[in-house]
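Enquirer: Please find one structure pasted underneath; my questions will follow.
No lab work stands behind these numbers, since they all come straight from the coordinates. All values reported here derive from a predicted model rather than from experimental measurement. Glycine gets a Cβ as well: all are built from the backbone with ideal geometry, and neighbour counts include every protein chain shown.
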Amino acid sequence: MNVAAKIARPEDVGLSSARLAAIPDYFGSYVAKGKVAGISTLVARHGEIAHFETIGQRDSESGLPLERDSIFRIYSMTKPITSLALMMLYEEGHFQLNHAVSRYIPEFKGLRVWAGGTHEKYETKPAAREMTIRDLLTHTSGLTYGFMPGHPVAKLYRQRGIDGAATGDITLKEMVARLAELPLLFSPGEQWNYSVSTDVCGYLVEVLSGRPLDEFLASRIFAPLGMNDTGFHVPKEKLGRFTTNYEKDFRTRAVRAIDRGDETSVYARPRKFLSGGGGLVSTMTDYWRFCQMILDGGVFEGTRLVSPKTIEFMSLNHLPGGKTMKEMSTAAFSELAGDGAGFGLGFQVILDPAEAQAVGSVGNLSWGGAASTYFWIDPEEDLVAILMTQLMPSSTYPLRPQLQQLVYAAIEE
């Protein structure tokens, strides 16, 4: 269990107590109307948590309350963690960002690109160039997700059992082998498309370190940061703190439980597929420790994971030609909108808050998860904010921009 023992007085870190109090009041209406079972929000500034509130229940049927140490499925908020793990190996000289992925994953040599047809009968063409490791970190690899609608390649993924965090009983190595048999959506570097790229990054961590992904993350990131409740499954002794995941059906408008926070959950036992793109569970304070380490340039409570220059480098926009996600994207889905935003090595990076149509700062780093979780890091304001709930899809309600509005309204100095 890892719960912050002390909450700073908001005014001591330049925030308004009254305005922060508006956050649980606002999101309490979501709980009262039955839109979500529960919501947890956290705001930290100058390295101190100034707001930490939980509202509602972790399981609405049983009435169990949501608490500060509740455990959530963070889905794609796994991506920044896996990206950092890969960059830790970069610091050690294991690879260059412009290295071809096939240098370390031979199956990726000679990948071909979709050239038309149907999922049953299609044509391919040679890729204009090889996929690089930077392509994987920035989602410009040409890979996709099986849940993406509209394109036959996504259907091919589903047929081959490649489904991101929901991928079944195969290993990362087996997933990579299956990917190598399928066409890319486009030649690497030509477009931005949300994808299983970070799962491939997770496999690269295994190849380069010689260790399973879960062991590498546990020893190199979670243990040093004190992220004691973060991992790929929930041990039996912690199931009493695990949340239930819900889904809203837009046709019937009904909300139903899709994964209980108990021994029936797919997370209640170790998983064969270690999804570096979406497989982790975590708590509010665990994830705050990770975000605070990023904000503080790679160090937390005296423990350094990476150099501040590495964090600075990851926080740049790495999309070709300085383009935005919107300019490069043809994706049917992304956890966050691409207006006014580029993409770094594992994070979205805000380039123009006006274009993004959200109060914030140039250089904000952020991402979200499929069950409506969200975080952002604002280096200019020395601020971290996190929202956790368990409702799919993440586009159901505008929880993320609403939290941003409320948090920035609380800044006094």
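Enquirer: How do T41, T264, T124, T140 rank when sorted from fewest to most other Cβ atoms within 10 Å of their own Cβ?
Expert: Listing T41, T264, T124, T140 from fewest to most nearby Cβ atoms yields T264, T124, T41, T140.
Enquirer: What order do you get for 367-377, 317-327 when each peptide is scored by the mean count of other beta carbon atoms within 10 Å, highest first?
Expert: Per-residue mean Cβ counts within 10 Å order the peptides as 367-377, 317-327.
Enquirer: Quick one: which residues, 5+ away or cross-chain, put their amide H under 5 Å from the amide H of G261? H built at 1.01 Å from N.
Expert: Placed amide hydrogens put T244, N245 under 5 Å from G261.
Enquirer: Further question: Using θ = phi - 60° and the Karplus relation 6.51 cos²θ - 1.76 cosθ + 1.60, list the HN-Hα couplings for the stretch 229-241 in order, rounded to whole Hz, with x at every Gly or Pro.
Expert: Rounded to whole hertz, the list is 10, 9, x, 8, 8, 9, x, 3, 5, 10, 4, x, 10.
Enquirer: Follow-up. Helix 399-409 against the longest principal axis of the chain: what's the angle in degrees, Cα atoms only, rounded to the nearest 10?
Expert: 50
Enquirer: Among W367, H119, F242, pick out the residue whose Cα is farthest towards the positive end of the charge dipole of the chain, where Lys and Arg carry +1 and Asp and Glu carry -1 on C-beta, about the Cα centre.
Expert: With unit charges placed on the Cβ atoms, the residue in question is H119.
Enquirer: Still on this structure: By count of other Cβ within 10 Å, fewest leading, how are H51, H119 ordered?
Expert: So the residues, fewest neighbours to most, are H119, H51.
Enquirer: Which order do peptides 79-88, 28-37 fall in by mean Cβ count within 10 Å, highest first?
Expert: 79-88, 28-37
Enquirer: Just rank L351, L42, fewest to most, by other beta-carbon atoms within 10 angstrom.
Expert: L351, L42
Enquirer: Would you tally the net charge around I411, using a Cβ to Cβ cut-off of less than 10 Å, leaving I411 out, and scoring K and R as +1, D and E as -1?
Expert: -2
Enquirer: Just to be sure I understand: with springs between alpha-carbon atoms less than 10 Å apart, which residue in R253, R129, R103 has the highest mean-square fluctuation in the Gaussian network model of the chain?
Expert: Fluctuation is largest for R253.
Enquirer: Given charges of +1 on the Cβ of Lys and Arg and -1 on the Cβ of Asp and Glu, with all other atoms neutral, how large is the dipole of the chain about its Cα centre, in debye to the nearest 20?
Expert: 1200
Enquirer: Which one, L15, V349, L319, is farthest towards the positive end of the dipole of the chain when Lys and Arg carry +1 and Asp and Glu -1 on their Cβ?
Expert: The residue sitting most towards the positive pole is L319.
Enquirer: 222 nm [θ] for the chain, helices only, -39500 (n - 2.57) per DSSP H run of 4+, per residue, to 500?
Expert: That calculation yields -7500 deg cm²/dmol at 222 nm.
Enquirer: When the Debye formula is applied to the Cα atoms of the stretch 1-91, each taken as the same point scatterer, what base-10 log of I(q)/I(0) results at q = 0.21, 0.23 Å⁻¹?
Expert: -1.09, -1.15
Enquirer: With viscosity set to 1.002 mPa s at 20 °C, what whole-number translational diffusion coefficient in µm²/s follows for the stretch 32-147 from Stokes-Einstein and a Kirkwood radius over Cα pairs?
Expert: D, rounded to a whole number, is 114 µm²/s.
Enquirer: Further question on the same structure: Count the net charge of all other residues whose Cβ sits under 10 Å from the Cβ of H46, scoring Lys and Arg as +1 and Asp and Glu as -1.
Expert: -3
Enquirer: Another question, if that's okay. Which cross-chain or sequence-distant (5 or more) residues have an amide H under 5 Å from the amide H of V234, H modelled 1.01 Å from N in plane?
Expert: So V234 has HN proximity to A268, R269.
Enquirer: Once fully extended, how much extra length lies between E263 and E237, figured as 0.36 nm per residue of separation less the alpha-carbon to alpha-carbon distance?
Expert: Contour length minus the Cα-Cα distance gives 8.3 nm.
Enquirer: Where does the stretch 263-307 land on Rg(C-alpha)/(2.2 N^0.38 Å)?
Expert: With N residues counted in the stretch 263-307, Rg over 2.2 N^0.38 Å equals 1.51.
Enquirer: Same structure again: Hey, which of these cross-link pairs are over 25 Å Cα-Cα: K35/K326; K79/K323; K79/K309; K121/K272?
Expert: In this structure, K35/K326; K121/K272 lie more than 25 Å apart at Cα.
Enquirer: While we're here: Hey, could you pull the Cα Rg and Dmax for the chain, both in Å?
Expert: When restricted to Cα atoms, the chain yields Rg and Dmax of 20.4, 64 Å.
Enquirer: I need the phi-derived Karplus couplings for the stretch 182-191: 6.51 cos²θ - 1.76 cosθ + 1.60, θ = phi - 60°, integer Hz, Gly and Pro marked x.
Expert: 10, x, 6, 5, 7, 5, x, x, 8, 9
Enquirer: Any idea what Rg and Dmax come out to for the stretch 124-230 if you just take the C-alpha atoms, in Å?
Expert: Gyration radius and largest Cα-Cα distance of the stretch 124-230: 14.9, 48 Å.
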